[in-house]
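Accompanying notes for the structure given below.
The values are calculated or read from the model by the stated rules, or taken from the named source; none is laboratory data. In this text, all values refer to a predicted model and were calculated from it rather than measured experimentally. Virtual Cβ from ideal backbone geometry, glycine too; neighbours counted across all protein chains shown. Side chains included, ligands, DNA and RNA excluded: accessible areas come from the protein's heavy atoms. Shrake-Rupley method; radii C 1.70, N 1.55, O 1.52, S 1.80 Å.
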Amino acid sequence: MAMLEVNNIGISFGGLKAVDGFSLTIEKGQLYGLIGPNGAGKTTVFNLLTGVYQPDMGRIQLDGVDITGKKTIEINQAGIARTFQNIRLFKELSVLDNVKVGLHNHHKYSTLAGILRLPSYRRVEKEMDERAMELLKVFDLDKEADYKASNLPYGKQRKLEIARALATDPKLLLLDEPAAGMNPNETAELMKTIRFVRDNFDMTILLIEHDMKLVSGICEKLTVLNFGQVLTQGETSEVLNDKRVITAYLGE
């Protein structure tokens with residue numbers, strides 16, 4: 001059974017088809033890329049998959065369960081987490097507390113326990129602190145655990161956003177241009193991190209990316225989107241050598 005099956009989804013805004021008949025199948029454990037020129041509809045697809053938008057047509061299944069039309073929080077609880085093209089952190093919170101926000105999906109205590117600082121509250125907080133620090137170590141952020149998120153360098157803010165997404169314990173991780181704004185060294189380090197996450201967290205990953213070196217270096221399969229429709233999809237090497245992709249994506 002595929003981890004993600006997307007069948008013929010679409011959405012229109014003001015009569016304009018932003019995404020039209022988009023289909024995709026991702027197997028468990030795959031590292032899959034979604035590419036295309038600016039305005040092709042890539043982030044709109046992510047918004048449809050995560051409940052930010054509701055599709056006008058089609059169906060979305062996660063690990064065999066129909067999640068079409070569900071709310072964002074329900075989809076996250078079902079097992080999809082994401083990052084954003086423009087980083088969205090709680091910038092006034094600490095690095096540690098940003099990750100703990102994600103952990104609240106699976107670690108709960110009553111309001112009364114929180115107000116009175118009862119033993120159940122202290123136990124859950126301790127568990128979350130420990131788990132958050134484990135995740136921060138993966139991204140070499142543990143030494144900055146007490147920093148304000150806004151005080152991290154740009155590249156580390158990107159990593160923190162991924163760590164927070166992983167804290168929700170997803171089955172499928174959606175990364176929206178994770179290398180945007182990074183220098184070549186940061187991008188190379190990010191590639192290693194993404195591979196590590198896939199291999200060590202038993203994770204399936206779908207990423208949007210413009211950095212072709214990153215895409216060709218880590219993605220096993222690609223779908224190319226253009227004007228809201230699938231232009232082509234398949235093995236990475238085949239897709240990147242497709243003349244239609246060169247024309248649409250590289251403008252040649």
Scope segment 25-40; condition among the small types (Gly, Ala, Ser) and outside any strand (DSSP E or B); matching residues: Gly29, Gly36, Gly39, Ala40
Gln54 vs. criteria touching a helix residue (DSSP H, G or I) at 6+ places or on another chain (Cβ under 9 Å), open to solvent by 30 Å² or more (accessible area, probe 1.4 Å), polar (S, T, N, Q) and over 20 Å from Glu235 (Cα atoms): yes
Residue in segment 186-194 that is assigned to a loop (DSSP other than H, G, I, E, B) and surrounded by fewer than 20 Cβ atoms within 10 Å (Cβ to Cβ) present: no
Criterion violated by Ile205 - all others in (1) in contact (Cβ under 8 Å) with a residue 60 or more places away in the chain; (2) part of a loop (DSSP other than H, G, I, E, B); (3) open to solvent by less than 40 Å² (accessible area, probe 1.4 Å); (4) not aromatic (Phe, Trp, Tyr) satisfied: (2)
Pick from segment 63-85, criterion part of a strand (DSSP E or B) and out of contact with any strand residue (DSSP E or B) (no Cβ under 6 Å at 6 or more places or on another chain), ranking: farthest from Gly228 (Cα to Cα): Val65
Selected residue (criterion: most open to solvent (accessible area, probe 1.4 Å)) from residues of segment 132-149 that are within 19 Å of the chain's Cα centre (by Cα) and over 10 Å from Leu96 (Cα atoms): Val138
